[in-house]
Structures are given as structure tokens and as C-alpha cells.
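One structure is given below, encoded as C-alpha cells.
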Amino acid sequence: MPTSRERIEKWSFGYWLLRFYQNMMFRLYFKTEIVGLEKLPKNTTFIFAPNHQNALIDALAMLTLNHSWQPVFLARADIFNKPLISKILTFLKIMPVYRIRDGYENLSLNDRIFQKTMDIIRNGNGLVILPEGNHDGFKRLRQLKKGIARIALQIEDASDGTLNIHIVPVGLDYSNYVRYRSKLLIRIGEPFPVKKYLELYRQNKALAYNSLVGELAERMKKEMIHVEDEHNYESFTFLSEFFANYYVKLKGLPKTQNNNFEIRKRLIAKLDELKQNNTNRFNSIISKSNELLELMRQYKLKQRALPLRVSKAFNLVWMIPFIIIASPIALFGFLNHLLPILLPFWLSKKFKDVQFHSSVKHAASLLLVLILYPLQVVVVGLAFKSLVISLIYFLSLPVSAFILFHWRRVLYKIMGISRVVRLGYSKRNEFEKVNKLYSELLPELAAVYEV
């Protein structure tokens, strides 16, 4: 296991093993869909540039692209301050980049990092750089840092253009940043060569950096949901999400994350156009959206409940028996996963930044499952003095966890249906108002979308 930075580009079996386990657990956490891998030409050196909205999870998402790939990540230098942490990060193939805030005396250390990135590129590992610099939980691309341009152009210039480095814009789109079994779409954009800016770099470095970063920003925006309108951000995301679900059903489209993404992206672009061309119509749509959002918050309604129907109560005929029958297994699953469930949740609450919550939960679960599963199996085997019972117990752990997840999911659906039914009988006017706003918005959005 190479924990020396001098060997960071070397293939590591320990890293491969950890990555295999991480990817398996990652896909359990996020329902991951990847599109655009066919755009990556063979025998080409890549620097991947994903948007940054969800802390460490964004970097881990990049590891799902190729099971044999061992890329190197660049991160801010201050997290490498402690020797043990530095060795762990190096094993995880993460290298520091020093900034002015890390002290002028440390900036010269970037020369060694630069030399090492040359080795990494030549070795074909590929680099992953998150060009926004830090994360932010909004569906919007923020201004890119120039570091990615400096690194790419310096390396290409040092090789006199022979490395043929391509920068790959990547869009990461989460249905929810924290919730377990949320959806994640990874969109690979069209790679573009760094050497197209090489001549300009040799004449005017600052202009070359700005030009490269400008092109990268435009390409990244194509692969992600980018809501430019900050004032109407919530309305744009809300409208695009429920309209996409409706439109997929209306047109009988495959229920892929990418189809959903394309519809959301187009509607947001059309709403931007409408704002410029027909202010009154735009304001009318936003007003109805805000009114609908307020009602849904007031009565704790989920988007998936739209349109509201009291008849959905018939689903309780199978849901309630399921809850009753599955409760013993769900309880067994909960008791046997008590620490992997509660400890990650407790640790995540220590971070005020919500975008760290999924990272903490995922990392803690990775470690706890790896330790507790074998330990619990051994304890059960010793207690019953039976290899067969310990094997049955081991197999019961993932099965009971699966049933616990769906038990909880059905329970929340029962609670949601109950809220809808109560609203339908106790506040019929409000119930009908929600449906009226929803039914008015759909054709208006369809008209805007199909222009």
C-alpha cells in the first residue's frame, strides 16, 4: 500500500480492494446512472472536472466510472497537516495543492507536486480536479478557479504538447444530497484538448487560463442543472422536478435519470427565456408555484403526492398488513444494525454543513459494516457453537437490512397518505386548491416547454 507520495501513481492492490468495496457500498447509498462514457477516446490522457455540490461524495462518485482506474485527486493542502492523515490521504491517492493562505513559504512545495502530476499523467492514471474549489449545495455552477488551467497548461507545455491532455467536463446531479437511496446521475461531457490553448499560453498565460476556464465552465453547464436565476431558484427546481415526472409519463418515455434530467434542463432554459420575453406570464407561473409550495410546506405534503387523491388510501390495504407482518424482521434488522444506523447519523449531526452529512454517513458505514459484520458473526458462532447458525446469521444481515429499509419506506408512505386523506376530509378547500394549482401549472409548463 503506497503511502509515499513518490509512488502515488503506482497501481495498488490495497487501493483496488478498498475501491471495490467502496463502489459496492456507494451504489447501495446512491442509485447511480452514468451516461457519456463512449465520449472518452482510448489512449488519451484525461483531467476530469466535475461540479462540486456534495463534499467528499463528489470525488467518490468519480471512482464509479471505471473499476480498474486509479485516478489521483488534488485537494487543499491544509487537510494534510497531520502525518497520519497525510499517509491515509496519500494511500487514497490524494495530493495537496498549496495556496497563498497556506503560507508563502509553502508555495514552493507546489513545484514538487507539479513534477509528480507529470508522472501521474505519463503513467495514464488521470487527474480529478474539482474546479469550483469548494462545495455548495445548489444546482448552479459557481465561478471556476484557475488552478485546473495552470496545472493542465504547465504539464502540456513541459511535454511540448506530446501528452495530448484532454479535460473532461462532468456533471453530477443528485435528487437528494443526503437521503439514503437517492438518485445520482453522472454525465460525461465532450473532452477538449488542452494544447489548443498552448500557443496562447506561451504568449499570454493569464489570457490562456481565462480562455480555458471559460470554455470548461460552458461545457460543464451543459452536463449539469444550472439555475442562473438565484431569486427564483426554489421555484425553478420545484417546477422542473414535478414537470419532468409528469412529462415522462405523458410521453411514455423510459424512466431513466437522464431523460428526467434532459426535461428539467430544457424547462429551466425555457423559463429563463420566458422571463425575458413575457414577464407577466412568467410572474404568473412563479406566483402559482410559490403558492403551491407554501401549501405543501404547511401540510407537509411531498411532491410525489401530487395530484392529491383520497383514493390513494386503498393502498393502505396492502401497506398496513406489510408493516405488521414485516415488523419482526425489521426489528431484527434494526437491532443488528444499531451502530451502523445510529452512529453515522449522530456523527453527521456534528457537521453544520449539510453537504458533509452523506460523506460522514457513507464513510462511517463503510468502516462499521466492515468491522461489525465479522464480529457479530463470530459472536453468534461462539454463542451457539455452530458454523451453520453463524452462516445463516451472516446471510440474514443484508436480508434484514433490505427489509428494514423497505419497511421504513412503506411506513413513511402510510404517513404521507394519511396526511393527504386528513386534508381531503378536514380541509377540502385547501385540498382542492393544491390540485387546482397543480392542474393549472402543468399545461402552462407544457406550453412553455414545447415552444
Checklist line | Counting DSSP beta bridges with both ends in the chain, the antiparallel % (nearest 5) | finding: 25 percent
Margin query: Charges at C-beta only: +1 for Lys and Arg, -1 for Asp and Glu. How large is the resulting dipole of region 159-244 about its Cα centre, in Debye rounded to 20?
Written below: 380 debye
Notebook entry, point to check: For region 33-189, what is the percent of antiparallel DSSP beta bridges, rounded to the nearest 5?
Noted result: 25 percent
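Do any trypsin sites (Lys or Arg not before Pro) in region 155-217 lie in a loop, going by DSSP, with at most 14 other beta-carbon atoms within 10 Å of their beta carbon, and if so which?
The qualifying sites are 179, 181.
Taking N as the number of residues in region 331-437, what is its alpha-carbon radius of gyration divided by 2.2 N^0.38 Å? Before the final figure, lay out the partial values.
Values: Rg = 20.3 Å, N = 107, 2.2 N^0.38 = 13.0 Å.
Computed over Cα atoms of region 331-437, the ratio equals 1.57.
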Notebook entry, point to check: Which of 337, 198, 357 sits farthest toward the positive end of the charge dipole of the chain, with +1 on the Cβ of Lys and Arg and -1 on the Cβ of Asp and Glu?
Noted result: 337
Notebook entry, point to check: Among 36, 233, 378, which residue has its Cα positioned farthest towards the positive end of the charge dipole of the chain, with +1 placed on the Cβ of Lys and Arg, -1 on the Cβ of Asp and Glu, and the dipole taken about the Cα centre?
Noted result: 378
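Might you tell me the accessible area per residue for region 261-333, computed with a 1.4 Å probe and given in Å²?
58 Å²
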Check: Where the centre of each part is set by its Cα atoms, how far does region 287-348 sit from region 32-58, in angstrom?
Finding: 33 Å
Next item on the list: Could you count how many Lys pairs in region 222-347 have their Cα atoms under 23 Å apart, skipping same-chain pairs fewer than 8 positions apart?
Entry: 24
Next item on the list: Using the heavy atoms of the protein chains and a 1.4 angstrom probe, tell me the accessible area per residue for region 77-179 in square angstrom.
Entry: 47 Å²
Next item on the list: Give the cross-link partners of residue 87 among the lysines, using a straight C-alpha distance below 21 Å as the criterion and excluding same-chain residues fewer than 8 apart.
Entry: 10, 116
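Tell me the per residue accessible area of region 342-415 using a 1.4 Å probe; a whole number in Å² is fine.
On the way: 4760 Å² over 74 residues.
Ligands and nucleic acids excluded, the figure is 64 Å² per residue.
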Check: What is the magnitude of the charge dipole of the chain about its Cα centre, with +1 placed on the Cβ of each Lys and Arg, -1 on the Cβ of each Asp and Glu, and no other charges, expressed in debye to the nearest 20?
Finding: 1320 debye
Check: Looking at region 288-392, which trypsin sites (Lys or Arg not before Pro) are in a loop (DSSP not H, G, I, E or B) and have at most 16 other Cβ atoms within 10 Å?
Finding: 300, 302, 309, 349, 350, 352, 385
Checklist line | Two-decimal Rg to Rh for the chain - Kirkwood Rh, Cα set | finding: 1.01
Margin query: Can you tell me the convex hull volume per residue for region 155-205, based on C-alpha atoms, in Å³ to the nearest whole number?
Written below: 114 Å³
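Give the relative contact order (percent, whole number) for region 141-258; include only Cα pairs under 8 Å separated by 6+ residues.
Computed value for region 141-258: 28 percent relative contact order.
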Check: How high is the relative contact order of region 326-439, in percent, counting Cα pairs under 8 Å that sit 6 or more residues apart?
Finding: 30 percent
Next item on the list: Kindly provide log₁₀ I(q)/I(0) values, in the same order as q = 0.18, 0.19 Å⁻¹, from the Debye equation applied to equal alpha-carbon scatterers of region 163-299.
Entry: -1.09, -1.15
Checklist line | Sulfur and carbon atoms: percent of accessible area, the chain [1.4 Å] | finding: 60 percent
Item checked: Charge dipole (debye, nearest 20) of region 1-159; +1 at Cβ of Lys and Arg, -1 at Cβ of Asp and Glu -> 220 debye
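The values are calculated or read from the model by the stated rules, or taken from the named source; none is laboratory data. Everything quoted here is computed from the prediction, not taken from an experiment. Heads up, the Cβs are rebuilt from the backbone with ideal geometry, glycines too, and the neighbour counts pull from every protein chain shown. Side chains are part of the model used for accessible areas, which takes the heavy atoms of the whole protein and leaves out ligands, DNA and RNA. Shrake-Rupley method; radii C 1.70, N 1.55, O 1.52, S 1.80 Å.
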